[in-house]
Structures are given as structure tokens and as C-alpha cells.
1. Would you mind checking which residues have amide H under 5 Å from PHE183's amide H? H placed 1.01 Å from N; only 5 or more apart, or other chain.
2. How much of the pair distance distribution for the stretch 18-104 lies past 21 Å, counting alpha-carbon pairs only, in percent?
3. Just the accessible area per residue of the stretch 1-47, please: how many Å² with a 1.4 Å probe?
4. Taking θ as phi - 60°, what are the ³J(HN,Hα) couplings along the stretch 97-104 by the Karplus curve (6.51, -1.76, 1.60), each to the nearest whole Hz, with x for Gly and Pro?
5. State which entries of LYS95/LYS210; LYS117/LYS151; LYS142/LYS218; LYS29/LYS121 exceed 27 angstrom in Cα-Cα distance in the structure shown.
6. Can you work out the Karplus-derived ³J(HN,Hα) for every residue in the stretch 150-167? Use 6.51 cos²θ - 1.76 cosθ + 1.60 with θ = phi - 60°, whole Hz, and x for glycine or proline.
7. List the GluC sites (Glu not before Pro) within the stretch 144-219 that fall in a DSSP loop (any state other than H, G, I, E or B) and whose Cβ has at most 14 other Cβ atoms within 10 Å.
8. If you place +1 on the Cβ of every Lys and Arg, -1 on the Cβ of every Asp and Glu, and leave all else neutral, what size is the dipole of the stretch 20-179 about its Cα centre, to the nearest 20 Debye?
Amino acid sequence: MGVRIAIASGRYLRSLDMIEERLGIPILKISINGAMIVDGERTLNDVRIDREAYREASGYIKGKAPCVIAFSPQEYVIDSDDSWYRIQDGMLSQKGIRMDIRDAAAVEEVLGEWPCKILIKDDDIQNVIRNKKALQEILGDKAVVVSSGEKNIEVLPPGTDKGNALRIVSEKLSIPLSDMIAFGDWDNDVGMLSTAGIGVAMANGSEKAKAVASFITKSNDEDGIAYALERLLFASQE
């Protein structure tokens, strides 16, 4: 049908490479909420976290959350307690280097390049809310501070947003935004759902995501993406 498939995620590029391998088909990879966009061998976007924002965020959050991670497209360093370290190791199938991420020079040396984002994880949801608000006030327009789930905070380069990522893809690959269908479930998907021609929110998504969607599908446990595609895409071919 000539349809391009993209995975748009807050996760780093290595995770999307693994998804591409499992699918067995080429995908457009929008990683780190759009900070890194890759189409085959071609890089469409590559922006890194502001250095001053990195130092301020890493300095503020030390001791205030049990897990803080700095990501490059292919590697990560982690400052966490043992339980969170085991969780991340299992999720990412890659052992991150444990270190104090406030040491910006050491982080850059270990990663081999400057990081794209800081990820903060915490089971205490009220603590997440407090720290997110504080970071937004501290960093201002030097960074984007967003959550991709109720137990995390992401500190990203200025202007980083999945909606902006779709605009970059539209311009670089000559695909009209009106021809795009986007699926999302959380607050960091709001820009994408608002920008695509059709924005589809999962039934179990956040209220902010559902509020801007043009269509609400079933939950992820009910094959919500397949359900929506059967009605929005395949039906148009009949």
C-alpha cells in the first residue's frame, strides 16, 4: 500500500533498532521524543541537551529521585539504587555504566558523545510531580521537561516534541502531515496527536492525550492500533 511505518518513542535509538530487527521491515525511527530521527542510513534530526540545562538538572535532582539516567543515541549512564538499576538493565538489554551523572565531562567521555536527554524515574508519583514542576521553573526555555508516564520525567533539548518531529519528517521526506496517522497514549504524545492528519489515542491513555485526539481506539491490551487501522486505513482501500 506504500505506507511508511515509524516508531516514535521517548526511548533511545538502540531500543528502536531492536524493534526494527524484530519486525523484519525497515522503519522510520523517531527516538528520544524526536531529538534523534533516522531513516535508514540518513539522519533527519540530531539535537542534544543544552549543557547548562544538563548541569542544572543533574545538580538539582541528585538525592531527590532513586534513578537518573543520561542517554546518548546508543548508550546510557545511570545513577540509581540497586533495584532501579536491575529494572533498567532488564528493560534495555544493555548494562548502563553506573556513575554520578553530575560529572558532565566524565559522562561525555563514557558515552563518547554529549547526551540527548536526562530521564528521571521514581515510584513516588507525588515526588515526580514536585520535581517536574521544580525542573520546569529552574530550566525555563533551556529545556523541555515532560513525562511519558506518571513515574518519570524527561529533560530534553529545547523544541523537542513528537509533533515537531512529524513536521521534520514531512519536510525532509515530502509526506504531507494530512496523510499521517499517529498513535499515542501519554502527555508526551499530545503534540504528535495534534499535528498528524489523524491523531489516535489509546483508550487507556492520559486525559491530555485523549483530549486532542480525533479518534479514541481500544486499549493496548485490546489491539487498539489494529482496531483503528482496520477502520481508518484499510477501510479506505475497499
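1. Close amide H contacts, sequence-distant or interchain: VAL200.
2. 43 percent
3. 53 Å²
4. 7, 7, 6, 7, 6, 5, 7, 4
5. LYS95/LYS210; LYS142/LYS218
6. Calculated HN-Hα couplings, in order: 5, 10, 9, 9, 10, 10, 10, x, x, x, 6, 6, 5, x, 5, 4, 5, 5 Hz.
7. GLU150
8. It comes to approximately 260 debye.
The values are calculated or read from the model by the stated rules, or taken from the named source; none is laboratory data. Treat the numbers as computed from the prediction; the structure is a model and nothing was measured. Glycine also receives a Cβ, built like all others from the backbone with ideal geometry; neighbour counts cover every protein chain displayed. SASA here: full protein model, heavy atoms, side chains in, ligands and nucleic acids out. Shrake-Rupley method; radii C 1.70, N 1.55, O 1.52, S 1.80 Å.
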